[in-house]
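What follows is a set of notes on a single structure, which appears directly below.
Nothing in this text is a laboratory measurement; each read-out follows from the coordinates by a stated rule. Computed from a predicted structure; not experimentally measured. For neighbour counting, all protein chains shown are included, and Cβ atoms are generated from backbone atoms with ideal geometry for every residue, glycine included.
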Amino acid sequence: MAKRSAGLLMYRGSGPRLELLLVHPGGPFWARKDQGAWSIPKGEYEQGEDSLSVAKREFEEELGSPPPPGKFLELGEIVQPSRKVITAFAVEGDFEPTRLTSIHFEMEWPPKSGRKQSFPEVDRAAWCTPAEAREKIQPGQAPFIDRLVEQLQSRRAAAR
């Protein structure tokens with residue numbers, strides 16, 4: 001069975017002022033990577049768990065702050081090359097990246113050293129325009145950006 005992840009793409013502003021919150025994975029493998037390394041806050045879940053609840057939980061674990069209350073927009077699913085299925089939602093809100101307090105994970109580092117080190121799951125968060133986000137995000141997650149922009153444009157057009 002394919003692994004599943006659920007995530008939450010926070011946004012603020014609209015039109016030309018739209019910004020998206022992305023996170024940079026922590027740990028030594030990602031330390032020197034930038035373009036194509038960022039992600040939406042997300043995490044794996046088991047069959048039977050509610051994907052929106054998981055997305056909210058993972059947002060809080062990775063950023064140290066619960067997601068804001070509000071209307072959660074469904075951004076659908078994307079199947080990664082690894083066959084992992086990512087389900088994403090979006091919510092309007094604000095977050096101060098300097099307040100990031102991610103949970104940590106342990107791994108042997110350096111490899112084969114026998115020493116365990118602790119690293120944050122997320123070491124940075126940043127607000128990006130949709131164009132910047134498309135460059136920074138892991139390529140397999142880029143469709144979530146386009147889906148959010150399309151939904152926001154449709155909502156704005158319907159409100160006119």
Checklist outcome for this item: The summed charge of the HIS104 Cβ neighbourhood (under 14 Å; Lys/Arg +1, Asp/Glu -1) stands at -4
Checklist entry - Check GLU92: other-chain or 5+ apart residues with amide H under 5 Å from its amide H, H built from backbone geometry? => result TYR11, LYS71
Item to check | Cα-Cα pairs of region 61-106 separated by more than 14 Å (percent) | outcome: 65
Checklist entry - Which percent of Cα-Cα pairs in region 9-61 sits in each 10 Å bin, short to long? => result 21, 38, 33, 8
Item to check | Paramagnetic reach from SER154 (point 7 Å along Cα→Cβ, amide N under 16 Å) across region 36-76 | outcome: 72-76
Checklist entry - Between ARG4 and residues 5 or more places away or on another chain, which pairs have amide H atoms under 5 Å apart, with H built 1.01 Å from N, and which residues are they? => result TYR45, VAL85
Item to check | Whole-Hz couplings from phi, Karplus 6.51/-1.76/1.60, listed for region 47-53; x for Gly and Pro | outcome: 3, x, 7, 7, 4, 5, 4
Item to check | Point-to-point label distance, ASP123-PHE29, nm (Cα→Cβ direction, 7 Å offset) | outcome: 1.4
Next on the checklist: What is the angle, in °, between the Cα long axis of helix 142-159 and the longest principal axis of the Cα atoms in the chain? Nearest 10 is fine, range 0 to 90.
Outcome noted: 20
Next on the checklist: Per DSSP helix of 4 or more residues, -39500 (n - 2.57); summed, then divided by the residues of the chain. What does that give at 222 nm, rounded to the nearest 500?
Outcome noted: -7500 deg cm²/dmol
Next on the checklist: How big is region 1-125 along each principal axis, measuring the range of its Cα positions in Å and listing the largest first?
Outcome noted: 49, 37, 25
Checklist outcome for this item: By the mean-Cβ-within-10 Å protection proxy, highest first, 35-48, 103-116, 71-84 rank as 35-48, 71-84, 103-116
Checklist outcome for this item: Scalar couplings 3J(HN,Hα) for region 14-27 by Karplus 6.51 cos²θ - 1.76 cosθ + 1.60 (θ = phi - 60°), nearest whole Hz, x for Gly and Pro, are 7, x, x, 9, 5, 9, 10, 9, 10, 10, 9, x, x, x
Item to check | HN-Hα J in Hz across region 127-136 - Karplus 6.51, -1.76, 1.60, θ = phi - 60°, x for Gly and Pro | outcome: 8, 9, 5, x, 5, 5, 4, 4, 6, 7
